Each structure stands twice: as C-alpha cells, then as structure tokens.
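Novice: Take this structure first; my questions come after.
The values are calculated or read from the model by the stated rules, or taken from the named source; none is laboratory data. No experiment lies behind these values; they were computed from the predicted model shown. In this analysis, Cβ positions are derived from the backbone assuming ideal geometry, glycine residues included, and neighbour counts consider all displayed protein chains.
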Amino acid sequence: MRLLFLAVLRPHTGNAVTAQRVRDHLEAEGHVCLLKDASDFAGPADVAHLIRVEAVQAALALHLCRAGQLLQGHGIPFGVIFGGTDLNEDVHQGDKHLVMGKVLEEARFAVAFTESMRAAAGLQWPQAKGKIYVQGQEKTVWWMLPGIPEHR
C-alpha cells in the first residue's frame, strides 16, 4: 500500500524521531511510506496534487492541527496521531480546537501514545472516544487503514 505520512519534521525534534520510527515500522511491513513535512504544503490543494501524482491509497498525520487538517476532504482514508502540542497547547485555542474536532470526525482512527493522552482527548471530543486507541510508539494501530494487515 502507498501511504502518505504528514508530520512537522524539524530536524532533531521529537516529531521527527517519532515520524521516522513509525515510517520504519510501516516499511518493515512492506508498505511504501511517503514521509512529508506538513510545513512544505501551502494547503490542501498541494496535498491533493501529491495524492494524485503519487497514487496514495491512505494517509497518516502526526498532529491533528498541524498535519491532520491537510488530509481532510481528499477521499482517502486516514488516521491521526495525537502529539503533545495537540493536547497541551492547541486544545486551548478555540480555532485550533475546532479544527482538531473536524479532523477527528473524518479520521478513521486516532492514536494516543498513553492512556492519559487518550483520556485528555476524550474529554475534549467525547464523540470521538470510540476511535481513539492507545498504543506505544513502537507499534500502533496502522492495521485500521484498508489493506494493512492487523498486527496488534
């Protein structure tokens, strides 16, 4: 499967390390994972073009607000991974909180790395509780995307 994985990839940051770890896991399972910096896209139209040109079948985003909103409305299934910024900072900003709620509505699933992150997200978006899963960074619920075998 060809997957697009969007994250903010500033060098030597936790996001970059986490994104590479997830990418390595996906590629070890035999998938093609196009890891792209969300900051490189001016908006959803740029992402739509990439999806079309690269024949992307599904997508992931690390951070709902920063990367997840770029995946909305493209007609491909996607999942999101909560980042600390989502739940510690962006959730307190009205406009970003609304964006993250909309991303969660469309996402097939959401991953929180800890139970406390899942609980915090569930308090903010109770309607999404059923699609928020807790998994460590080493192995997450990518099997929820179509064509990816279940590996729990």
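Novice: Name, by its number, the condition in (1) under 13 Å from the mean Cα position of the chain (by Cα); (2) within 18 Å of residue 132 (Cα to Cα); (3) in a helix (DSSP H, G or I); (4) at pLDDT 95 or above that does not hold for residue 22.
Specialist: Only one criterion is unmet by residue 22, namely (4).
Novice: Is it the case that the range 40-57 has a residue that's at pLDDT below 95 and crowded, with 20+ Cβ neighbours inside 10 Å?
Specialist: No, the range 40-57 contains no residue that is at pLDDT below 95 and crowded, with 20+ Cβ neighbours inside 10 Å.
Novice: Another one. Can you spot a residue in the range 71-84 that is in contact with a Pro (Cβ under 9 Å, 6 or more places away or on another chain), modelled with pLDDT of 90 or more, crowded, with 20+ Cβ neighbours inside 10 Å and assigned to a helix (DSSP H, G or I)? Lay out the reasoning, then the answer.
Specialist: Our first condition is that a residue be in contact with a Pro (Cβ under 9 Å, 6 or more places away or on another chain); within the range 71-84, this holds for 71-74, 77.
The next check asks that each one be modelled with pLDDT of 90 or more; those that pass are 71-74, 77.
Okay, now just the ones that are also crowded, with 20+ Cβ neighbours inside 10 Å, so 71.
Going one step further and asking which of them are assigned to a helix (DSSP H, G or I), we end up with 71.
Taking every residue of the range 71-84 in turn, at least one turns out to be in contact with a Pro (Cβ under 9 Å, 6 or more places away or on another chain), modelled with pLDDT of 90 or more, crowded, with 20+ Cβ neighbours inside 10 Å and assigned to a helix (DSSP H, G or I).
Novice: For the range 65-122, how many residues meet the condition of being out of contact with any Asp or Glu (no Cβ under 8 Å at 6 or more places or on another chain) and at positive phi?
Specialist: So the count comes out to 1.
Novice: So residue 10 clears everything in (1) over 21 Å from residue 84 (Cα atoms); (2) assigned to a loop (DSSP other than H, G, I, E, B); (3) of a type outside the set (A, V, I, L, M) except one condition, right? Which one?
Specialist: If we test residue 10 against (1) over 21 Å from residue 84 (Cα atoms); (2) assigned to a loop (DSSP other than H, G, I, E, B); (3) of a type outside the set (A, V, I, L, M), just (1) comes out false.
Novice: A follow-up question, please. Look at residue 94 and say whether it is within 23 Å of residue 49 (Cα to Cα), more than 13 Å from the chain's Cα centre (by Cα) and not basic (Lys, Arg).
Specialist: Answer is no for this residue.
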